[in-house]
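> Handing you a structure now.
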Amino acid sequence: MSHFTVECMDCGHRSLYNPLQTTCPQCGSGWMTARYDLETLRDGFIERLQKRPFNLWRYHEVLPIRIPNPPWSMGDGGTPLVSAVNLGLMLGNENIYIKDERQGPTNSFKDRQAALGISALKEAGITEAVLASTGNVAIAFSAYAARAGIKLWAFLTSLVPPEKMREVALYGTQVVKVTASYDQAKKMAAEFANQRGLYYERGSRSIPSIEGMKTIAYELAEQLTQQLGPPASGAPWRAPDWYIQSVSGGLGPQGVAKGFQEMYEMGLIDKIPAMAHIQTAGCAPMVKSWEADRVEPLTIESPRTHIATLATGAPGRTYTLLYQHAKTYGGTFLAVSDEEAYRAMHIAAKMEGMSVEPAAAVAFAGLFQLIRQGTIKPTDIVVLNCTGHTIPIESTVLGEGWARNLVVSRHTADATVPSGPEEGLLSALNRLTADRYPRIAIVDDTPDARRLIRRILQAQGDFTILEAENGRQAIALARNEQPDLMILDLMMPDIDGFGVLDALKSDEQTAEIPVIVVTAKTLTPAEKRRLQGQVHSLMQKGEFMSDDLSEEIRGLVE
C-alpha cells in the first residue's frame, strides 16, 4: 500500500487524495501532484520487486492506490522493450529501443492511465464517469470500466475514426459524437459532467492518470538494465539518453518525466534523460511555442491534420511543465508532417515487423529527423514509445444507433490518407522493380548489413538476391551470375570495394553492371575522385534514409 499526499503545484499545500477533490482546498488551483516518502521507500525498493510480476502494479508503493493487482486488472503494463536492430543499422545507432505499448490489453499506452484511473474511482465508490477522447483513452477506459462495473460516457470528436468509435461502443460506453474539435469536445464533456454531478476525467490534471503513465519510466529503466547492464556510475538501473514520444495533450511525457524524477531522487538512476516531444505539423502548438521560446503555450484553433488522435490545439499548462523539464534536463519539441508519419508506418512495419497507428508513427518520424540533424548522437541510448495500435471493430457487429450525435458547429475534414513515397534507401529500393532488376547482388562482410538490405528488397518484390561476403566472392559472383545491380560495401578484408570496382570495370562482361556503394569509411578527396565515373551513387552507412540516395536511384531507374 502506498503512503502519499497530494501537493498543490501552486501553493505547496498538502492534503489527502480524493478523486472528487479536483482543486486545492487552500488556493483553488486545479493542478496537484502526488508526493511519496521516497527517502524511506529507497531502502529495499529493488529487493521488494524481485518476487513480483512484471506489470505496473509491482511499483504499488509509488502508486495512488490501496489494493495492487485489483480484480479488474488485465495484465496492465509489463510491455516489451524491443531492440530496433534494423532501424539501428539504417540510422547508424545500435542503441535504439522501442517500448511496445501495443501489447497492452486494448493495444495502447492509455491502458496504464485507465488501469490506475478506474482503480481510483472504484476505491472511492464512484460508479459513473465522463471523459472526452480522440480515441485510445475512451477505448482503454471503456474496457476497464466494463470490468469494474462503472458506467462511462465518452465524448468523441467526429474526426475519430469510426472503427475506434465502434470499439468504444462495443464495451457498453455511452458514446456522444461531437461535431467539433477535440478541445470543444472536452468543454462539452466537462459541462455535461458538472450538470449531472458526475466524475470527469481531467487527463493531465488527474493524479491517477499521471501516476499510471510514470510506470513506463520505471519499467524501461529496469529493462534497459537487463539488456545493457547498469551504468558505470554504480546506479542500480540505467536511464536512456533520450526518450521520444508523439504528443497530443502531453499527458504521457508528463507522467514519464515524473517517473524519472522519482527514480533519480531515490538513487535508482544516475541521470534524467532528455525528452523529445513530437507533434504533427498540422497541430503543433507545443512546437510553435518552443520555437518562440514561450513558457506559455500558443493555441491552434483549427487543427489541419489527418491524424485526429493528435489534434489537441490547446495543451495548456502541460506544455509549460514539459518546457521546464526540457530546459532543465535537455530535450526538444519537433513537428513532422502527416506524410512523414505515413512513411514511417511503412518503415516500422517493413523493418521491425511493427504495425503502428499514425499517431505512434509520428514518433518514429521524429526519431528519423533528430538523428539526421545530429541532435541524437550515434552512441546515444534512445527509447521510443510505440504508443498504440488498435484493432478495428466491424460496423456489422454493432448495428445502428450505437452513438448519439451532438453538432456544435459546421466542421468538415478530408480524411483521405495520402500515400507518399517512403524514405531513403527504402524508397530507393522500392523503385527497383523485379522486371527491370530481377537479380541483385549484395556485397558486404557484415551479415547484419546484408540482412537489412535483403529484408528491404524482399518486402518490395520477387527479386533473386545474391550475396557475397568479401571482394573475391563478389568478383566471381559478378562474372558467373551477371547480376543486374550490385550494392557494394567499400571496407572489406583482402580485396576491398575499390578492388572489386576495378575488376568489374576491366572485364567487358561486368563493366556495365550498375553499382551502388555503401561505406562506413570517411573518404579522402583522392578516394572520392577514384570512385568518380565508376559508381552510380555513394552513401555512408548509418544514413540509409538519406533523401540524396533516393534521388540518385530515382535517376538510375527512370
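> Of a type outside the set (Asp, Glu) and over 28 Å from Asp241 (Cβ atoms) - does that describe any residue in segment 74-89?
Yes, segment 74-89 contains a residue that is of a type outside the set (Asp, Glu) and over 28 Å from Asp241 (Cβ atoms).
> I'm checking my understanding of the structure. Among residues of segment 438-475 that are polar (S, T, N, Q) and at pLDDT 85 or above, which one is nearest to Glu352 (Cα to Cα)?
Filtering segment 438-475 for residues that are polar (S, T, N, Q) and at pLDDT 85 or above, the one nearest to Glu352 (Cα to Cα) comes out as Thr446.
> Among the candidates Ala276, Ala281, which residue alone is in the same structural domain as Glu94 (by TED's automatic domain parsing), closer than 23 Å to Gly316 by Cβ, crowded, with 23+ Cβ neighbours inside 10 Å and in contact with a helix residue (DSSP H, G or I) (Cβ under 8 Å, 6 or more places away or on another chain)?
Sole residue among the options that is in the same structural domain as Glu94 (by TED's automatic domain parsing), closer than 23 Å to Gly316 by Cβ, crowded, with 23+ Cβ neighbours inside 10 Å and in contact with a helix residue (DSSP H, G or I) (Cβ under 8 Å, 6 or more places away or on another chain): Ala276.
> Can you name the residue in segment 128-168 that is of a type in the set (Asp, Glu) and farther than 18 Å from Glu191 by Cβ and is also surrounded by the most Cβ atoms within 10 Å (Cβ to Cβ) among such residues?
So the residue we want is Glu167.
> Under 9 Å between Cβ atoms, at least 6 apart or on separate chains: pull out the pairs that start in segment 321-350 with a residue that is not assigned by TED's automatic domain parsing to the domain that holds Gly282 and end on any residue that is of a type in the set (Val, Ile, Thr) and modelled with pLDDT of 95 or more.
none
> Can you tell me which residues in segment 176-199 are within 16 Å of Leu20 (Cα to Cα) and in contact with a helix residue (DSSP H, G or I) (Cβ under 7 Å, 6 or more places away or on another chain)?
Tyr199
> Shifting gears a bit: Would you check which residues across segment 45-90 are among the polar types (S, T, N, Q) and either surrounded by fewer than 22 Cβ atoms within 10 Å (Cβ to Cβ) or assigned by TED's automatic domain parsing to the domain that holds Gly117 (or both) and list them?
Residues satisfying the conditions are Gln50, Asn55, Asn69, Ser73, Ser83, Asn86.
> I need the full set of residues from segment 529-538 which are more than 25 Å from Asn93 (Cβ to Cβ) and under 40 Å from the mean Cα position of the chain (by Cα), in order please.
Result: Leu531, Val535, His536.
> Return the residues of segment 63-115 that are under 26 Å from Leu228 (Cα atoms) and aliphatic (A, V, I, L, M); say none if nothing qualifies.
Matches in segment 63-115: Leu81, Val82, Ala84, Val85, Leu87, Leu89, Met90, Leu91, Ile96, Ile98.
> Taking the condition of a type in the set (Asp, Glu), out of contact with any strand residue (DSSP E or B) (no Cβ under 9 Å at 6 or more places or on another chain) and surrounded by fewer than 23 Cβ atoms within 10 Å (Cβ to Cβ), does Glu191 pass?
yes
> While we're on this one: Can you tell me which residue is modelled with the lowest pLDDT among those in segment 228-268 that are surrounded by fewer than 24 Cβ atoms within 10 Å (Cβ to Cβ) and on the phi > 0 side of the Ramachandran plot?
Among residues in segment 228-268 that are surrounded by fewer than 24 Cβ atoms within 10 Å (Cβ to Cβ) and on the phi > 0 side of the Ramachandran plot, the one modelled with the lowest pLDDT is Gly234.
> Report, by residue number, each residue of segment 458-484 that is closer than 12 Å to Arg439 by Cα, of a type in the set (A, V, I, L, M) and either assigned to a strand (DSSP E or B) or in contact with a Lys or Arg (Cβ under 9 Å, 6 or more places away or on another chain) (or both).
Hits for segment 458-484 are Ile465, Leu466.
> Here is a further query. Criterion first (outside the structural domain of Asn86 (by TED's automatic domain parsing), surrounded by fewer than 18 Cβ atoms within 10 Å (Cβ to Cβ) and outside any helix (DSSP H, G or I)) does Ile487 satisfy it?
Criteria not met by Ile487.
> Okay, next question. Can you pull out every residue in segment 458-484 that is surrounded by 22 or more Cβ atoms within 10 Å (Cβ to Cβ) and of a type in the set (A, V, I, L, M)?
Within segment 458-484, Ala468, Ala474, Ala478 meet the criteria.
> May I pose another question? Can you report the number of residues in segment 161-208 which are closer than 24 Å to Pro253 by Cβ and hydrophobic (A, V, I, L, M, F, W, C)?
Looking only at that region, the number is 4.
The values are calculated or read from the model by the stated rules, or taken from the named source; none is laboratory data. Everything quoted here is computed from the prediction, not taken from an experiment. No Cβ is skipped: glycine too gets one built from the backbone with ideal geometry, and neighbour counts run over all protein chains shown.
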